[in-house]
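> Below you will find the structure I want to go over with you.
The values are calculated or read from the model by the stated rules, or taken from the named source; none is laboratory data. As the structure is a computational prediction, the values presented were derived from the model and not from experiment. Neighbour counts are summed over all protein chains in view; Cβ atoms, including those assigned to glycine, are modelled from backbone coordinates with ideal geometry. All accessible areas refer to the heavy atoms of the entire protein, side chains included, with ligands and DNA or RNA removed. Shrake-Rupley method; radii C 1.70, N 1.55, O 1.52, S 1.80 Å.
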Amino acid sequence: MSIQPLLEALDIQEDAARALADDLRTQIEELQNRLQEAETHLEHLAITRKTVTALADRLPAHTSMADRPEHPDYPRILSVFNDASRPLRAREVCVALGHEQLPKNIEGTRAKLKRLVKLNILTEADAGSFTTKQ
């Protein structure tokens, strides 16, 4: 009995195993490169997050239009403050809006001004005296 056919079969299987091993090594190398790129990207994102977080306290507060109240007096109130050169009291804003100087109107205006302060749009310079955020 000749072992030659057995050795030829082993050669074929060794060649196939070698080719598979080479393919797997190539895939591993490609995956290691992709992994390195992903890890570098993660490091950059971590640095960006740290920088943004550190700067967040220094940025002025921003109120989007969606955060602003919908009452028609609010844009008018902001217009009054845009034209003002000094802090205004609720009574003065009430007059500028053309409302009668009744206590209910002045208190309603004061409540709106306080809401704008809470939304970080206006600031209360002194007690009862309001101005735009600087």
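> Of the residues 49, 91, which single one is modelled with pLDDT of 90 or more and either among the aromatic types (Phe, Trp, Tyr) or open to solvent by 100 Å² or more (accessible area, probe 1.4 Å) (or both)?
Numbers: 49 fails: modelled with pLDDT of 90 or more.
Of the residues listed, the single one that is modelled with pLDDT of 90 or more and either among the aromatic types (Phe, Trp, Tyr) or open to solvent by 100 Å² or more (accessible area, probe 1.4 Å) (or both) is 91.
> Could you please give the count of residues in the stretch 81-134 that are in contact (Cβ under 8 Å) with a residue 40 or more places away in the chain and basic (Lys, Arg)? Please lay out each step first, then the result.
In the first step, residues of the stretch 81-134 are kept if they are in contact (Cβ under 8 Å) with a residue 40 or more places away in the chain; the result is 81-82, 84, 86-90, 112, 115-116, 119-122, 129-133.
Subset that is basic (Lys, Arg): 86, 89, 112, 115, 133.
Here the count works out to 5.
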